[in-house]
1. Looking only at residues that are touching a Leu at 6+ places or on another chain (Cβ under 8 Å) and over 19 Å from Ala12 (Cα atoms) in the range 193-203, which one is nearest to the ligand (Cβ to nearest atom)?
2. How many residues are surrounded by fewer than 21 Cβ atoms within 10 Å (Cβ to Cβ) and among the small types (Gly, Ala, Ser) when one looks only at the range 338-351?
3. Tally the residues that are open to solvent by less than 50 Å² (accessible area, probe 1.4 Å), closer than 30 Å to Arg320 by Cβ and either modelled with pLDDT under 95 or not in a helix (DSSP H, G or I) (or both), restricting the search to the range 1-52.
4. Which residue is farthest from Gly345 (Cα to Cα), if the candidates are limited to the range 176-195 and must be buried (at least 24 other Cβ atoms within 10 Å of the Cβ) and of a type in the set (Val, Ile, Thr)?
5. Quick check, is Ala190 among the small types (Gly, Ala, Ser) and within 16 Å of the ligand (Cβ to nearest atom)?
6. I'm trying to understand the selection: among the residues of the range 53-65, which are away from the ligand (no atom under 16 Å from the Cβ), out of contact with any Ser or Thr (no Cβ under 6 Å at 6 or more places or on another chain) and either charged (D, E, K, R) or closer than 23 Å to Ala224 by Cα (or both)?
7. Considering the range 83-100 alone, what residues qualify as being surrounded by fewer than 24 Cβ atoms within 10 Å (Cβ to Cβ) and not in a loop (DSSP other than H, G, I, E, B)?
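The values are calculated or read from the model by the stated rules, or taken from the named source; none is laboratory data. Bear in mind that the values here come from a model prediction, so they are computed numbers and not experimental data. Positions of Cβ are backbone-derived with ideal geometry, glycine not excepted, and every protein chain shown enters the neighbour counts. Accessible surface is based on the protein model in full, side chains and every heavy atom, while ligands, DNA and RNA are left aside. Shrake-Rupley method; radii C 1.70, N 1.55, O 1.52, S 1.80 Å.
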Amino acid sequence: MSIYLDNAATTAVCPEAAQAALDAMTVQYANPGSPHAMGRAAAALVERGRAQVAAALDCRPEELFFTSCGTEGDNWALRRGAEYNARHGKHILSSRVEHPAVLRTLEELEARQGFALTLLKPEKDGSVSPEAVLEALREDTCLVSLMCVNNETGAVTDIAAIARAVRARCPHALIHTDAVQAFLHVPLSARSLGADLITLSGHKVHAPKGIGALYIRKGLNLPALLTGGGQEGGRRSGTPAVELIAAFGAAAEAGARSFAEDSTRMAALRAHMAGRLEAENPGLLLLGGGAPQLLSLSLPGWRSEVLMNFLEARDICVARSSACKRGGRSQVLSAMGLPGEVIDGVLRVSLSRYTTREEADAFCDAIREARGRIRASLSVQNRK
Ligand code: PLP
């Protein structure tokens, strides 16, 4: 069995979600828009899923709209949020450490629709400070988009503090946060966060791939991105993916139930790994940090690919930095001002509630072994 330490890329579907999806696919499989008994049963499953995810996010069910993924949620929030609020100005404030779903979308808004974009540089730890946001805020800022937890480093940005500061200075600006890596990993309440728009994705929290949600604050009439049959109260057309929604709901309910226990256990496991790795590997750097599920480390002078190949041969799955980008140096790590040598040696280890201490130790053992073996073979080569 592989040792899977790449949960920031995606997670195993939990039994509760798998069962809910199976039931929806084989029993309540009707179209939830159909006006017959089976259609109404499917519609009830959608509303149950909505209530479950809403409870986990601490918002009203009517503030939550299902999407196909986190990428769609980000696109919807940013494209329609910017257009909707352009009457207040065309300046958008975001950061250089955002996910490509945000960055590429904002770049397009800048290039094609004439929005002015300010991308903040993060602090050393990869987070964005409220002070930096306040400094860059302008009278014509219509949209602020900053992620809660960074997917490459686990750095946590204090969105609640930023939202309070933005509201005080620039009350008309819409506040969006990509909470894909934060939901059910760090405490997150839509009610107390103060954001207008929050993006979620199911497959990072033990639901299947292909389902997400966008929280839209009550009273905000964000126009639809997908138009058509008028599903989701006219806000998001497309036949609802009942089985995926049921699974997302079940996963969110299960995740919320064990949240306190899981996050404490993951934080302890992360601390254990960090302690071992630092003690056993002189020169090893830990980057970012904050979120309990994510550990980003670098062995300067060692290329990530070499370590990844070594780990792969031992059936251990980790990531270089992010699964959403192919080739090239990570823009997130570059934006943090890290030297190339450090970036080239980065590994991202991400845990889930299913990660065991034995698996964590197997990773630490493998890194220690890699250093010994690879150094030995390199020095042999040097002597030849
Ligand atoms: N935002 C962040 C922070 C992510 O980590 C990801 C996925 O890696 C996404 C957005 C995109 O989510 P999805 O894969 O559901 O489109």
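1. Kept after step one, since they are touching a Leu at 6+ places or on another chain (Cβ under 8 Å), are these residues of the range 193-203: 196-200, 202.
Remaining after also requiring over 19 Å from Ala12 (Cα atoms): 196-199.
Values: Asp196: 17, Leu197: 13, Ile198: 12, Thr199: 7 Å.
For the range 193-203, the residue satisfying everything is Thr199.
2. Number of matching residues: 1.
3. Count: 9.
4. Thr177
5. no
6. Matches in the range 53-65: Ala54, Cys59, Arg60, Pro61, Glu62, Glu63.
7. Hits for the range 83-100 are Glu83, Tyr84, Asn85, Ala86, Arg87, His88, His91, Pro100.
This table checks each residue for (1) within 16 Å of the ligand (Cβ to nearest atom); (2) within 30 Å of Ser258 (Cα to Cα); (3) of a type in the set (A, V, I, L, M).
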| site | (1), (2), (3) |
| --- | --- |
| Asp23 | no, yes, no |
| Asn31 | no, no, no |
| Thr67 | yes, yes, no |
| Glu72 | yes, yes, no |
